[in-house]
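Peer 1: Just passing along the structure, written as structure tokens.
The values are calculated or read from the model by the stated rules, or taken from the named source; none is laboratory data. On a predicted model such as this, the values are computed, not experimentally measured, just so you know. Because the Cβ atoms are built from the backbone with ideal geometry, glycine has one as well, and the counts that use them run over all protein chains shown.
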Amino acid sequence: MTNHYDEYWSHNVLMLGYYNNEVWNLIYRSDSLSGFNRDIDSDNETFVNATLWKDLTYNGYDFRLAIRYYLGAFDNELTVIPYIKNIDDEDIPYVLGFAWEINDIRVGMTPGGYFIKINGSSFDLNEALDLMFSNMTVPVYCWDNITNESFVCDYVPIPYFYIREDLPDESRDGEYNAPVTLAIRIGTLDCGEEKYTNVFWHDACEVVYYFDGYDDMPSGEAWEIDPGLMVDGNISFFARTSVDGDVEWCDDNTCDGSDLGVISKVEIRCYGYHADLQSQADIILRPVFSGQDGYDHFFQTSISGAWSSWFDITNDNNAPGVWDWYDVRDLDCDVESLKDPYGPPVFMLYCSKVEVRVTYTTIPVVSAPYPVDGSTGVSVAPVLNITVNDEDGDLMNISWLSNSSGSWQVFGSNSSVGNGTYHQTMVNASVNGLWWFWRVNVSDGDNFTLSDVFSFFTGYESKINNSGSVDIYGYLLISVQFWNTTLEEWVLADDTVNETMVRRVNSSEQFGLDTVFNGKVNTSYLNTSFGAGTYRVYACFRDPDGDVLVCDDESLMEDSYQFTVSVG
């Protein structure tokens, strides 16, 4: 099982066995079998199903063992479905069980730090475990707490779940570490009966936040007793209510909006219980998106503190079409009490924490462009810099793009680079007095980031602004003027641009003068005719009568640049 062409995650084996006096006994291991039938089903666009199956016999009973792998386009988890069917003409009386052995575990290529999380309790996988759980209704996770990646999740639809990590001296020769075995009781199989379960293999990172604020206004929405204990981050102390339909509006959470990657799933859950007063009471979690309610998600509480299942709110009513991290930051949640309408009128409901879990895929991060976006005074053919970072440490390919030809074209690349700052010369930015635009595409082999568009100006930009609210049409005049100290006025030295074709400057926009003016002034003529002194370049937009146009904010459509010339 691999999430990258040069990262090996783990060795995984599907096994089938039976229970005898609560001891599981191996019948077949898939890695010791051969000759599987194979079938691949795909629409060649959105999904692929790959199914392997084999008809087997044990003690005279015939059955079909199968495993299916399902992967949809852009999925961040691979669905694995172990399957068995009784194809005999008799019932199979054995209490059967699937087992899933995971060893050679190397999530994120880290040497340790793995744990398994069940019903909110964590168990380190650096010691022998022998655990049995019954009536499981919530997912089970194996996690690498160094990279925070969840590498297996099993939603268990059948009653028993068994976990064992073999002792180190039982590790297989040449393998990285001792195996973890996840076993699920199937039960007996009637003639023609089939059973299966789902395992989800995550190729994504997860991060968990919690709601840490509530509507504490005097008339705000909050539970009846100690509402602040629902948002203090502690599951040991509880807000509580005895009011049916009581709502606490959790209006802030610990996500700061930082972009960690592409979001594929957002979920919520809560920790709570109800008092044993002969009355059932439940909790409704209702996400709130920019003031608009999502769906109601129901948690049937018990008489002891427990986590609800994770409720997927990614595609809830009023949820963002495409989630970003500011959507997570701004997510609110209503926590509503719900009393059994047929139970006694007295009840007490408790809730201590509401969490948000985000599943995401890391992407290369692009930062620190140089020249800084909007820079002026940049030399022609400048050396551009960009800093790239991949959280997983994957090697990256950088493609540098410019639209100077009228469409985005690659003008340079850096291949198989690590985290750091890289350079490329933009040789096609070869003319002064122009704006140039560039961006980079950074790929780590699995995902890519297309950066924002960055701009710079070669030389220093001269411009004239339309600061008004309406578009202006006029005739452009640019002239070089000399300050006549005797007359104490500006006199025309060079009538550089005196247009007779109308130009348009849109409201709140500017017109760059460099492309019109540059290269047109004969400095030898100015030196011969006027010599040393004070000069200015004067530019304006005029009407047909030669008067300077006025914006609707009373500012004139004119500007000038003054300089002194010394002749030595």
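Peer 1: Hey, among the residues in the stretch 265-279 that are touching a residue at least 40 places away in the same chain (Cβ under 8 Å) and surrounded by fewer than 19 Cβ atoms within 10 Å (Cβ to Cβ), which one's nearest to MET348 (Cα to Cα)?
Peer 2: Among residues in the stretch 265-279 that are touching a residue at least 40 places away in the same chain (Cβ under 8 Å) and surrounded by fewer than 19 Cβ atoms within 10 Å (Cβ to Cβ), the one nearest to MET348 (Cα to Cα) is ALA275.
Peer 1: What are the residues in the stretch 417-442 that are within 26 Å of the chain's Cα centre (by Cα) and aromatic (Phe, Trp, Tyr), if any?
Peer 2: TYR422, TRP438
Peer 1: Just checking, which of ASN465, ASN414 is under 41 Å from the mean Cα position of the chain (by Cα), in contact (Cβ under 8 Å) with a residue 40 or more places away in the chain and within 30 Å of ALA381 (Cβ to Cβ)?
Peer 2: The conditions single out ASN465.
Peer 1: Only one of (1) of a type outside the set (A, V, I, L, M); (2) surrounded by fewer than 18 Cβ atoms within 10 Å (Cβ to Cβ); (3) at pLDDT below 85 fails for SER560. Which number is that?
Peer 2: Answer for SER560: the failing condition is (3).
Peer 1: Let me ask you something else. I want to confirm something. Restricting to the stretch 540-551 and keeping residues that are in contact with a Leu (Cβ under 8 Å, 6 or more places away or on another chain) and not in a strand (DSSP E or B), which single residue is surrounded by the fewest Cβ atoms within 10 Å (Cβ to Cβ)?
Peer 2: The residue in question is ASP543.
Peer 1: Answer with yes or no whether ASP252 is charged (D, E, K, R), within 30 Å of THR79 (Cβ to Cβ) and out of contact with any helix residue (DSSP H, G or I) (no Cβ under 7 Å at 6 or more places or on another chain).
Peer 2: Spelling it out, it is not the case that ASP252 is charged (D, E, K, R), within 30 Å of THR79 (Cβ to Cβ) and out of contact with any helix residue (DSSP H, G or I) (no Cβ under 7 Å at 6 or more places or on another chain).
Peer 1: For the stretch 168-264, list the strands (runs of 3 or more DSSP E) that sit wholly inside it and hold at least 3 residues that are at pLDDT 90 or above and either in the same structural domain as LEU16 (by TED's automatic domain parsing) or crowded, with 18+ Cβ neighbours inside 10 Å (or both); which are they?
Peer 2: 205-214, 239-241, 247-253
Peer 1: Tally time: how many residues in the stretch 299-311 are closer than 22 Å to VAL266 by Cβ, touching a strand residue (DSSP E or B) at 6+ places or on another chain (Cβ under 6 Å) and either assigned to a strand (DSSP E or B) or among the hydroxyl-bearing types (Ser, Thr, Tyr) (or both)?
Peer 2: 4
Peer 1: Take GLY291 and decide whether it is modelled with pLDDT under 95, among the small types (Gly, Ala, Ser) and in contact with a strand residue (DSSP E or B) (Cβ under 6 Å, 6 or more places away or on another chain).
Peer 2: No: the conditions fail for GLY291.
Listed here are the residues, each with its yes/no results for (1) of a type in the set (Phe, Trp, Tyr); (2) in a strand (DSSP E or B); (3) in contact with a strand residue (DSSP E or B) (Cβ under 8 Å, 6 or more places away or on another chain); (4) surrounded by 14 or more Cβ atoms within 10 Å (Cβ to Cβ).
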position	(1), (2), (3), (4)
ASP494	no, yes, yes, yes
VAL497	no, yes, yes, yes
THR500	no, no, yes, no
SER508	no, no, no, no
VAL521	no, no, yes, yes
LEU526	no, no, yes, yes
VAL537	no, yes, yes, yes
ASP553	no, no, no, no
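Peer 1: From the list VAL431, VAL440, VAL427, VAL410, pick out the single residue that is modelled with pLDDT of 90 or more and either not in a strand (DSSP E or B) or not assigned by TED's automatic domain parsing to the domain that holds PRO382 (or both).
Peer 2: The match here is VAL427.
Peer 1: Filter the stretch 510-519 down to the residues that are of a type outside the set (S, T, N, Q) and in a loop (DSSP other than H, G, I, E, B), then identify the one that is surrounded by the fewest Cβ atoms within 10 Å (Cβ to Cβ).
Peer 2: Residue satisfying both the conditions and the ranking: GLY519.
Peer 1: Right, another one. Here is a list: GLY474, GLY468, GLY533, GLY512. Which entry is closer than 30 Å to ASN385 by Cα and of a type outside the set (Phe, Trp, Tyr)?
Peer 2: GLY512
Peer 1: Which residue, of LEU450, LEU477, LEU401, LEU434, is touching a strand residue (DSSP E or B) at 6+ places or on another chain (Cβ under 9 Å), surrounded by 13 or more Cβ atoms within 10 Å (Cβ to Cβ) and without any contact (Cβ under 8 Å) to a residue 24 or more places away in the chain?
Peer 2: LEU450
To keep it simple, each residue is scored yes or no on (1) in contact with a Ser or Thr (Cβ under 9 Å, 6 or more places away or on another chain); (2) closer than 21 Å to ASN506 by Cα.
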{"site": "GLY420", "(1), (2)": "yes, no"}
{"site": "ARG439", "(1), (2)": "yes, no"}
{"site": "SER443", "(1), (2)": "yes, no"}
{"site": "VAL453", "(1), (2)": "no, no"}
{"site": "VAL470", "(1), (2)": "yes, yes"}
{"site": "GLY474", "(1), (2)": "no, yes"}
{"site": "VAL480", "(1), (2)": "yes, no"}
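Peer 1: Inspect all residues belonging to the stretch 312-329 and state whether any of them is over 30 Å from TRP436 (Cα atoms) and part of a strand (DSSP E or B).
Peer 2: yes
Peer 1: Between VAL356, VAL365, which is within 26 Å of the chain's Cα centre (by Cα) and farther than 30 Å from CYS270 by Cα?
Peer 2: So the residue among VAL356, VAL365 that is within 26 Å of the chain's Cα centre (by Cα) and farther than 30 Å from CYS270 by Cα is VAL365.
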